[in-house]
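Since the structure comes first, as structure tokens, the remarks are kept for the end.
The values are calculated or read from the model by the stated rules, or taken from the named source; none is laboratory data. Computed from a prediction, not measured in an experiment: that's the story for all the values here. All Cβ positions, glycine included, derive from the backbone under ideal geometry; neighbour counts span all protein chains shown.
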Ligand code: GAR
């Protein structure tokens with residue numbers, strides 16, 4: 001599959017995908033990375049690994065629709081088949097999503113529907129939950145919502161801060177995101193309304209559900 005990856009910052013999830021491709025675990029190609037911000041670490045990662053990227057900034061367009069249309073054109077021009085939001089900090093509208101129906105996935109650092117939106121790990125620490133985690137899901141027209149592909153359950157430990165919990169969850173993010181891409185690429189991800197089944201995957205284990213196969 002031709003992958004398009006949208007980023008806004010550090011790009012550690014992007015790096016996990018780059019590495020999965022580099023080391024042959026993913027057979028897919030990163031056709032284009034789009035950053036909505038200049039000078040971010042994600043762009044340095046693209047340069048280091050000769051991954052094609054473009055910076056497309058919201059403020060360069062008169063409307064959000066124009067901004068989204070510009071991203072769609074850039075992705076379509078590269079033949080992108082699956083769009084991965086890897087720390088992309090904007091809510092996409094119908095303008096973008098209708099160009100890639102059920103072909104946009106997102107990684108979010110909580111067990112959705114808990115703690116949607118910004119600073120999910122801070123929300124989890126402040127709420128006092130004893131488990132949080134991360135989710136890869138298809139993107140619907142709501143923030144951090146849409147049919148769930150895979151979740152990983154991560155314990156919250158007394159004394160955790162936003163930073164320490166974020167770091168613990170991130171290690172799991174870097175595994176479930178490439179795994180979800182691989183399953184989609186293999187044509188094993190079936191969507192029935194809100195429910196997703198990964199054909200042939202093993203369900204019912206902790207901390208990954210379904211269980212990881214390759215990462
Ligand atoms: C990750 O923790 C990702 O789950 C989160 O932003 C971080 C990006 O890190 N995404 C969201 O909160 C989406 N609502 P990264 O740039 O190092 O991949």
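At-a-glance table
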{"item": "Helices (runs of 4 or more DSSP H) contained in the range 12-114 and holding at least 1 residues under 21 Å from residue 148 (Cβ atoms)", "result": "12-22, 94-97"}
{"item": "Check on residue 14, at pLDDT 95 or above, away from the ligand (no atom under 12 Å from the Cβ), surrounded by 15 or more Cβ atoms within 10 Å (Cβ to Cβ) and under 18 Å from residue 107 (Cβ atoms)", "result": "no"}
{"item": "Candidates 196, 136 - the one that is touching a strand residue (DSSP E or B) at 6+ places or on another chain (Cβ under 7 Å), away from the ligand (no atom under 15 Å from the Cβ), at pLDDT 95 or above and not in a loop (DSSP other than H, G, I, E, B)", "result": "196"}
{"item": "All positions within the range 198-215 that are under 18 Å from the mean Cα position of the chain (by Cα) and under 22 Å from residue 113 (Cβ atoms)", "result": "198, 208, 209, 210"}
{"item": "Filter pass, residue 176 being in a strand (DSSP E or B) and crowded, with 22+ Cβ neighbours inside 10 Å", "result": "no"}
{"item": "Selection within the range 30-73 - under 18 Å from residue 178 (Cβ atoms), without any contact (Cβ under 8 Å) to a residue 40 or more places away in the chain and in contact with a helix residue (DSSP H, G or I) (Cβ under 7 Å, 6 or more places away or on another chain)", "result": "30, 33, 45, 49, 51"}
{"item": "Every pair of residues 6+ apart whose Cβ atoms lie under 8 Å, when the first sits in the range 119-131 and is within 14 Å of the ligand (Cβ to nearest atom) while the second is at pLDDT below 95 and in a loop (DSSP other than H, G, I, E, B)", "result": "120/144; 123/117"}
{"item": "Residue pairs meeting the criteria (Cβ under 7 Å; at least 6 apart or on separate chains; first closer than 13 Å to residue 123 by Cβ, in the range 156-171; second in a loop (DSSP other than H, G, I, E, B))", "result": "156/129; 156/130; 162/119; 165/156; 166/109; 169/109"}
{"item": "Residue in the range 154-161 that is assigned to a strand (DSSP E or B), touching a helix residue (DSSP H, G or I) at 6+ places or on another chain (Cβ under 6 Å) and closer than 22 Å to residue 178 by Cα present", "result": "yes"}
{"item": "Single residue of 82, 75, 92 found to be within 16 Å of the ligand (Cβ to nearest atom) and surrounded by 18 or more Cβ atoms within 10 Å (Cβ to Cβ)", "result": "92"}
{"item": "Residue check, residue 189 in contact with a helix residue (DSSP H, G or I) (Cβ under 6 Å, 6 or more places away or on another chain) and within 19 Å of residue 17 (Cβ to Cβ)", "result": "yes"}
{"item": "Test for residue 3: is it within 15 Å of the ligand (Cβ to nearest atom), at pLDDT 95 or above and either surrounded by fewer than 16 Cβ atoms within 10 Å (Cβ to Cβ) or not in a loop (DSSP other than H, G, I, E, B) (or both)", "result": "yes"}
{"item": "Subset of the range 98-109 [touching a residue at least 40 places away in the same chain (Cβ under 8 Å) and in contact with a helix residue (DSSP H, G or I) (Cβ under 7 Å, 6 or more places away or on another chain)]", "result": "105, 107, 109"}
